[in-house]
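Shown next, in structure tokens, is the structure this report addresses.
Laboratory data are not the source of any read-out in this text; all were calculated from the coordinates shown. The model shown is predicted, which means the values in this text are computed figures rather than measured ones. Every residue, glycine as well, gets a Cβ built from its backbone with ideal geometry; the counts of neighbours run over all protein chains shown.
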Amino acid sequence: MEPENEEKIKAILEEKQRLDKWFPLIRKKLTGVCQCGCGKPSSKNDDKYYKFSCCHLFPKSIFKSILDHPENYLERAFWGGCHTNMDEAGMIKWKDKADWEQAKEKFYLLAPLLTDKEISHKFYRNLESLIYYGKLAD
């Protein structure tokens, strides 16, 4: 196997190990109810699917430095579509959710921990703009 491939595999395994510790920690913090305001149950009590309700505020695929930070999550119902909507329906809608203030508090806590590369990402710039100016970055 080429050294480049070995490094990629090593990085994937390390990320998985980090998340294997993170998900049970976050599960303990979940309330059992989606925090967006819809009132739907989350999957906290489902041993097979509880991870689906642990929604990363800063996506784990982009923000590796904080993918397992204990505050990088929001609780979302998966089966009702709230987790998927957060990921795919557009960040602009986040400010209309019941946990927007919680999301902002977590942003203020986590943003200083990000790398320069992560801060330069469009996702970060949009979230920062939404928090400070109520609109996405231009």
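Checking the cross-link filter: which aspartates and glutamates have an alpha carbon closer than 20 Å to that of K97, excluding same-chain neighbours under 8 positions apart?
Straight-distance partners of K97: E71, E75, D87, E88, E105, E128.
Using the Cα centre of segment 3-133 as the reference point, and only Cβ charges (+1 on K/R, -1 on D/E), how large is the resulting charge dipole? Debye, rounded to the nearest 20. Kindly include the intermediate steps, with their values, before the conclusion.
On the way: 23 positive and 20 negative charges, 61 e Å.
It comes to approximately 300 debye.
Collect residues whose amide H, placed 1.01 Å from N in the peptide plane, falls under 5 Å from the amide H of V33; neighbours closer than 5 in sequence don't count.
Result for V33 returns S42.
Convex hull over the alpha-carbon atoms of segment 61-131: what's its volume per residue in Å³?
Residue-normalised Cα hull volume stands at 96 Å³.
Using +1 at the Cβ of each Lys and Arg and -1 at the Cβ of each Asp and Glu in the chain, identify which of L110, C34, Y49 lies farthest towards the dipole's positive end.
C34
Of the listed values (i) 0.99; (ii) 2.05; (iii) 1.04, identify the label whose number matches Rg/Rh (Cα atoms, Kirkwood Rh) calculated from this model.
Here the calculated entry is (i).
For K29, give me every one of the lysines with a C-alpha distance below 16 angstrom, ignoring sequence neighbours fewer than eight places off in its own chain.
K21, K44, K51, K106
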